[in-house]
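Down below is the structure, laid out as structure tokens.
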Amino acid sequence: MKNILAFVLLTLATPLFASPLKVGDKAPNLISHTLKGETINLNELLKEKPVYLKFWATWCQYCQAEMPHLTELNKNHSDKITIITVNVGINDSIDNINAYFNRNNLSIDTVFDTNGEITQNFGVLGTPYHILIEQSGKVALTSFLHSDKIDAYIAALPEKE
């Protein structure tokens, strides 16, 4: 009985989600495929340039409001930063994402988090959620909404040749 109680207490004390990443934390690796079938490996991408991850859902109004600006950032700064959106997969589907992108004429690398593992590994607690990751693999900035700090960070990145 004592062992069962200890197991139950340990289970209850173990968090279901990783803690949210803080500035300076090492980002976990992300290996997945985009909706276009391209392989994403965060550690490999960071060898080239910083990475901006946006966690979102098609039903999230704030997420929707940010997408046109995110697409513009991707279009204008893809030489300085890799931008990837991660759909959290909660009450959503690949069909919803594709329909949303087609309806709004958007194009950006997107990963669908089928089982929630990516969202959990990055400690994401809600949408939208933004994580900027330096080439060193350390978190440079996190934010619940897109902010001027994100734009300033990207603008300050050196031009790639």
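The values are calculated or read from the model by the stated rules, or taken from the named source; none is laboratory data. The model shown is predicted, which means the values in this text are computed figures rather than measured ones. For neighbour counting, all protein chains shown are included, and Cβ atoms are generated from backbone atoms with ideal geometry for every residue, glycine included. Note: areas computed on protein heavy atoms with side chains; ligands, DNA, RNA excluded. Shrake-Rupley method; radii C 1.70, N 1.55, O 1.52, S 1.80 Å.
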Greater than 20 Å separation of Cα atoms is the criterion. Which listed pairs, 36/75; 54/149; 22/160; 22/138; 36/138; 36/160, meet it? 22/160; 36/138; 36/160
Expressed in nm to one decimal, what extension gain is obtained for the pair residue 121 and residue 151 from 0.36 nm per residue of sequence separation less their Cα-Cα distance? 8.3 nm
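Which sequence of 69, 77, 33, 130 reflects their accessible areas, 1.4 Å probe, from the largest down? Can you show the working numbers first?
On the way: 69 80, 77 45, 33 105, 130 5 Å².
Listed by decreasing accessible area, they come as 33, 69, 77, 130.
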Residue 90 to residue 22: extension gain in nm, 0.36 nm per residue of separation minus the Cα-Cα distance? 22.1 nm
State the extension gain, in nm to one decimal, for the chain segment bounded by residue 159 and residue 138, taking 0.36 nm per residue of separation less the distance between their alpha-carbons. 5.5 nm
Debye, to nearest 20: dipole size of the chain, +1 on Lys, Arg Cβ, -1 on Asp, Glu Cβ: 400 debye
Amide hydrogen neighbours beyond the local backbone of residue 40, cut-off 5 Å, H modeled: 32, 33, 34
Computed [θ] at 222 nm, helices only, for the chain once each DSSP H run of length n ≥ 4 contributes -39500 (n - 2.57): -10000 deg cm²/dmol
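Starting from the residue with the highest accessible area, list 22, 54 in decreasing order, probe 1.4 Å.
On the way: 22 125, 54 0 Å².
Descending accessible area places them as 22, 54.
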Which whole-number percentage describes the relative contact order of the chain, with Cα contacts under 8 Å and a sequence gap of 6 or more? 32 percent
